[in-house]
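To start, the structure itself, in structure tokens.
The values are calculated or read from the model by the stated rules, or taken from the named source; none is laboratory data. Computed from a predicted model, the values in this text were never measured in an experiment. Methodologically, a virtual Cβ is constructed for each residue, glycine included, from the backbone with ideal geometry; neighbour enumeration extends over all protein chains shown.
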Amino acid sequence: MSGKNKGVAEQTMRAVTVDRFGGPEVLAVGRVARPEPLPTEVLVRVHAAGINPVDWKTRAGQGMAGLQKFPLILGWDVSGVVEAVGFGVTTLAPGDEVYGMPWFPRPAGAYAEYVTAPSRQFARKPASLSHVEAAALPLAVLTAWHALVDTARVTAGQRVLVHAAAGGVGHLAVQIARHLGAEVVATARAPRHTWLKELGADEAIDYTAGPFEQATAPVDVVIDLVGGTDATDVRSVAVTRPGGLVVSIPGGVSPALAAAAASAGVRTSPLLVEPDAPALTAVAALVESGALRVEVERTFPLDQAAEAHRLGEANRTRGKLVLDLA
């Protein structure tokens, strides 16, 4: 490589870009300008980027589409190594291995070789995890953590129902609820039941075999990761004790859910995950202690991001999908 071409390469990076909303075919790999860290920010070389439902929803013009500008780079889950730090950064240094979910819900641009973000939106990567495993965690585990720890404030002895328990957020929510001392009820297709019980579920319900609300005793907390599909959110009220809480995550609290909950004396709450380095530090400790593990079903190189989206949208993934940039 000539000196001139090398200089150009150092100023650019490979990234998956989107210039219009649409199907997976709008994802294109190309070269874009490499970002530079501003004061209090770090430049992270991305080793792996997690893929989440909000990614393909945003790509299609839903999700966080209203906060995007074209051309955009999707993705929020990052695991990598600090390459450079901006003025004022004292908590991280070049060479540190970190993971995080920077900027959410604003664009973070994780489907790329580099990202920049405030240093305190990253935490040190769990040493026992690969970058691929660590990249699968942030958005999903923070959603579960914020729902169970900060919003529902689950305590030992409570019963917690987790819908879509075999998915990215769900399988982590099962483990966190178990860690908090709760009795865990999980809904998923029957082939996932043995695995979910290994993760800590006390009961597993096949939602395709009959109404879940007829298959379990009342619960204190519902973590609803399905929403209005088949009226899962509204139907969850029927299994929630008076004074209990339904945390509705995909679309918030619908008017139908609010009305049903009010009639039954059940509380409701929406939730949108936020960057949270202290929570990621606590999660890292759980990982290192063996109390939490993340499931990665499949990895893809950067240039197969469209295929990863197609698989994710089929909604049959066990755990997470990850882009491996190493």
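In the list 246, 239, which residue meets the criterion of being β-branched (Val, Ile, Thr) and more than 17 Å from residue 147 (Cα to Cα)? It would help to see each step written out before you state the result.
Details: 246 fails: more than 17 Å from residue 147 (Cα to Cα).
The unique qualifying residue is 239.
Just wondering, is there one or more residues in the stretch 90-107 that are within 17 Å of the chain's Cα centre (by Cα) and closer than 14 Å to residue 16 by Cα?
Going residue by residue through the stretch 90-107, those that are within 17 Å of the chain's Cα centre (by Cα) are 98-107.
Those still in the list that are closer than 14 Å to residue 16 by Cα too: 107.
Among the residues of the stretch 90-107, at least one is within 17 Å of the chain's Cα centre (by Cα) and closer than 14 Å to residue 16 by Cα, which makes the answer yes.
Within the stretch 149-167, can you find the residues that are assigned to a helix (DSSP H, G or I) and either modelled with pLDDT under 95 or within 19 Å of residue 239 (Cβ to Cβ) (or both)?
Passing the criteria: only 151.
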Output for the stretch 27-58, where each listed residue is surrounded by fewer than 18 Cβ atoms within 10 Å (Cβ to Cβ) and of a type in the set (A, V, I, L, M, F, W, C): 28, 29, 32, 33, 38
task: Please state which of the following conditions residue 233 fails to meet, knowing it meets all the rest: (1) over 22 Å from residue 196 (Cβ atoms); (2) of a type in the set (D, E, K, R); (3) crowded, with 18+ Cβ neighbours inside 10 Å.
output: (1)
- request: Kindly indicate the residue of the stretch 284-316 that is of a type in the set (S, T, N, Q) and out of contact with any helix residue (DSSP H, G or I) (no Cβ under 7 Å at 6 or more places or on another chain) and also nearest to residue 47 (Cα to Cα) among those meeting that condition.
  value: 304
statement: Restricting the stretch 59-91 to residues that are of a type in the set (S, T, N, Q) and surrounded by fewer than 16 Cβ atoms within 10 Å (Cβ to Cβ), the one farthest from residue 309 (Cα to Cα) turns out to be 90
- prompt: Has the stretch 254-264 got at least one residue that is modelled with pLDDT under 95 and under 30 Å from residue 77 (Cβ atoms)?
  reply: no
task: Evaluate the following for residue 303: is it at pLDDT 95 or above, charged (D, E, K, R), over 15 Å from the mean Cα position of the chain (by Cα) and surrounded by fewer than 16 Cβ atoms within 10 Å (Cβ to Cβ)?
output: yes
task: Given the conditions (1) among the hydrophobic types (A, V, I, L, M, F, W, C); (2) over 21 Å from the mean Cα position of the chain (by Cα); (3) surrounded by fewer than 14 Cβ atoms within 10 Å (Cβ to Cβ); (4) closer than 30 Å to residue 132 by Cα, report the number of the one that residue 285 does not fulfil.
output: (2)
- request: Given the conditions (1) surrounded by fewer than 24 Cβ atoms within 10 Å (Cβ to Cβ); (2) part of a loop (DSSP other than H, G, I, E, B), report the number of the one that residue 146 does not fulfil.
  value: (2)
- request: Go over the candidates 203, 198 one by one and state the one that is in contact with a strand residue (DSSP E or B) (Cβ under 9 Å, 6 or more places away or on another chain), at pLDDT 95 or above and under 29 Å from residue 290 (Cα atoms).
  value: 203
